[in-house]
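Worksheet for the structure shown next.
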Amino acid sequence: MEPTPIIQIQNLHKHFGETAALNGVDLVVHQGEVVVIIGPSGSGKSTLLRCINRLETFQTGSVIVDEIPLTTAENINAIRTEVGMVFQSFNLFPHLTVLENVTLAQKVVRKRTKAEANAIAYELLEKVGIPEKCQGYPGQLSGGQQQRVAIARALAMNPKIMLFDEPTSALDPEMIQEVLDVMLQLAKEGMTMVVVSHEMGFARAAADRAVLMDEGLIIEQAVPDVLFSQPTQERTKRFLSKIL
Amino acid sequence: MDDENGLEKIPGRGAAKYQIDHWWWLVVAVAGIVLLLSLTQPDPYWRIVKFVSDGVLVTVGVTLVSFLLTLILGLVIALGRISKNGFFRWITTIYVEVARGIPLLVQLLFWYFAFPSLIQSFGRLLSLQILERYHANPYIMAILGLCFCYGAYMSEIYRAGIQSISKGQNEAARSLGMTHGQAMRYIILPQAVKVILPPVGNEFISLLKDSSLVSVVAVADMTRRGREFMAANFIPVETWLMIALLYLIMTLIAARVVAWIEKKTQTEER
């Protein structure tokens, strides 16, 4: 069966003032695919990710998500409800309890009743392994726990795609695995995921494709094992020699 | 031994919870002085208090109404200042610069004396009877003047509060599909409130004091009533001492309430 493309990025250009961040990126992600983006800092990988749900605007090119082009404000909000995002710094809402963090958008965006939203939230918090701390505030949780709540919060909107922007970079080494486990589980369930991360173990275990970016361009992409062991581009070799 | 036990009773962190904020004693002390003066020398002190008592209500009323309106106006202006729409940003910025750049007293004089005149000329120009016979109500003009000026300061406090919330909070809310308005209402403003409460409380106290300026535009507030009493009795020391003490009681009470609200919001959560 021909895989359906769910994210289509064409010739994407983005610059912050004089500084170019993306110099014409083309990327297609198919339904159910897990794509890991690696690259040095400043290579534009986070910017690319943030263009997918329009947290960043871009100058030229096109982004089509689930057949909706990113153009008008209505379209952008339509896409955002289909695309979940997990941030490096978690960005949980500190003034709301863990449970409220997961239910708020369900209620105000998805218009679910409190009972429905709570039921979904309990189920997801169970899934990410935080069932007992629902009434606590994010500040009382460890980093790993906060990031897992953030994943539950995004999943509660029933997204078709999940974006992860360096989800483990702000975590203590001991807590990285618990977050990766949740992500592995998601990948196994067939979630379409685009992950900016240097967790090679995760890429090898879960990703269908690894993409190397530098200076706002995609340098090379391949199945993770192939990319990591037999890179064809000089730039890729240089980068991998520094992180492997 | 007794001394050691005595030392332990010094209120520490644990005990502070059950203790009344000790600065309330200052309020009690000032109120005590007013009471003492009124009781020991009813003439002139008690006479002054009785004479200005309706002015006290006017001062409190004008301050409270202006403050509530300023809270709303400030929020609207602040949202305009951080708006993506260039026109809203432009017009609200001009307003803030104008309102902060002119002394409050001059603004009050303008609203009470110049503004109605302008309306009347405008009415004559268009031969509109209603506008031609326009007469300014001093209370409304006083409140308008206070709000116009304080709205600008308040908007800057709101703006600083909103901008102090990390960008990631807005991004997280927007990435969940919330609109700009929903993100403001559910995520940004509830967090900003804590940041802005102390400066907003200070604005209230400033407003209370600056409300004395409305006495020049025919509002019979405490200051104006004081001047009237003085004009009739020629006892400046007693009159202005009493007026000063009455203002002091009000601002000290307001300061205690602000401190209490601050403490309450800071201890909740986390």
Can you find even one residue in region A:106-116 that is away from chain B (no Cβ under 14 Å), buried (at least 17 other Cβ atoms within 10 Å of the Cβ) and of a type outside the set (K, R)? no
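Right, A:G139: open to solvent by 20 Å² or more (accessible area, probe 1.4 Å), farther than 30 Å from A:Q59 by Cβ and within 14 Å of another protein chain (Cβ to nearest Cβ) or not? Break it down stepwise before answering.
Details: open to solvent by 20 Å² or more (accessible area, probe 1.4 Å): yes; farther than 30 Å from A:Q59 by Cβ: yes; within 14 Å of another protein chain (Cβ to nearest Cβ): yes.
Here the answer is yes, as A:G139 does meet what is asked.
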(message) Would you confirm, using the coordinates I've provided, whether B:L213 is open to solvent by 30 Å² or more (accessible area, probe 1.4 Å), at pLDDT 95 or above and of a type in the set (A, V, I, L, M)?
(response) yes
Restrict the check to region A:154-164 and report whether at least one residue is touching a Ser or Thr at 6+ places or on another chain (Cβ under 6 Å) and over 26 Å from A:K188 (Cβ atoms).
no
Of those in region B:168-177 that are under 15 Å from A:F87 (Cβ atoms) and not charged (D, E, K, R), the residue farthest from the other protein chains (Cβ to nearest Cβ) is B:N170
Log entry, pairs with first residue in region A:49-68 being at positive phi, second being open to solvent by 50 Å² or more (accessible area, probe 1.4 Å), beta carbons closer than 7 Å, six or more apart or on different chains, reads A:G61/A:Q10; A:G61/A:N11; A:G61/A:H13; A:D66/A:K160
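Which of the residues belonging to region A:99-118 are part of a helix (DSSP H, G or I) and either without any contact (Cβ under 8 Å) to a residue 12 or more places away in the chain or on the phi > 0 side of the Ramachandran plot (or both)?
The initial filter retains those residues of region A:99-118 that are part of a helix (DSSP H, G or I), namely A:99-108, A:114-118.
Within region A:99-118, A:E100, A:L104, A:K107, A:V108, A:K114, A:A115, A:E116 qualify.
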Of the residues in region A:66-91, those that are open to solvent by less than 40 Å² (accessible area, probe 1.4 Å), closer than 20 Å to A:A156 by Cβ and not in a helix (DSSP H, G or I) number 7
Scan region B:242-255 and give yes if some residue there is more than 18 Å from B:V65 (Cα to Cα), within 14 Å of chain A (Cβ to nearest Cβ) and out of contact with any Asp or Glu (no Cβ under 7 Å at 6 or more places or on another chain), otherwise no. no
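When you scan region B:150-187, how many residues do you find that are part of a helix (DSSP H, G or I), of a type in the set (A, V, I, L, M, F, W, C) and open to solvent by 10 Å² or more (accessible area, probe 1.4 Å)? Walk me through it before giving the result.
Going residue by residue through region B:150-187, those that are part of a helix (DSSP H, G or I) are B:150-164, B:167-175, B:180-187.
If we keep only those that are of a type in the set (A, V, I, L, M, F, W, C) too, we end up with B:152, B:154, B:157, B:160, B:162, B:172-173, B:183-184, B:187.
Then keep just the ones that are open to solvent by 10 Å² or more (accessible area, probe 1.4 Å); that gives B:157, B:160, B:162, B:184.
Number of matching residues: 4.
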Counting only residues in region B:188-201 that are of a type in the set (V, I, T) and open to solvent by less than 30 Å² (accessible area, probe 1.4 Å), the one farthest from the other protein chains (Cβ to nearest Cβ) is identified as B:V200
Contact list, first residue from region A:119-136 and closer than 19 Å to A:D181 by Cα, second anywhere and outside any helix (DSSP H, G or I) and open to solvent by 20 Å² or more (accessible area, probe 1.4 Å), beta-carbon distance below 6 Å, six or more apart or interchain, is A:L125/A:P131
Subset of region B:120-149, residues open to solvent by less than 40 Å² (accessible area, probe 1.4 Å), hydrophobic (A, V, I, L, M, F, W, C) and assigned to a helix (DSSP H, G or I), comes to B:M141, B:A142, B:I143, B:L146, B:C147, B:C149
Flagged in region A:79-97 as more than 8 Å from chain B (Cβ to nearest Cβ) and closer than 21 Å to B:R185 by Cβ, in numbering order, are A:L96, A:T97
Selection from region A:161-180 of residues at pLDDT 95 or above and surrounded by fewer than 18 Cβ atoms within 10 Å (Cβ to Cβ) yields none
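Which of the following residues is out of contact with any helix residue (DSSP H, G or I) (no Cβ under 8 Å at 6 or more places or on another chain) and assigned to a helix (DSSP H, G or I): B:V106, B:V58?
Exactly one residue qualifies, and that residue is B:V106.
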So, B:L64, is that one open to solvent by less than 90 Å² (accessible area, probe 1.4 Å) and within 25 Å of the chain's Cα centre (by Cα) or not? yes
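The values are calculated or read from the model by the stated rules, or taken from the named source; none is laboratory data. Note that the structure is a prediction, hence the values are computed from the model and not measured. Positions of Cβ are generated from backbone atoms using ideal geometry, with glycine treated the same way; all protein chains shown enter the neighbour counts. The accessibility values were calculated without ligands, DNA or RNA, using every heavy atom of the protein model including side chains. Shrake-Rupley method; radii C 1.70, N 1.55, O 1.52, S 1.80 Å.
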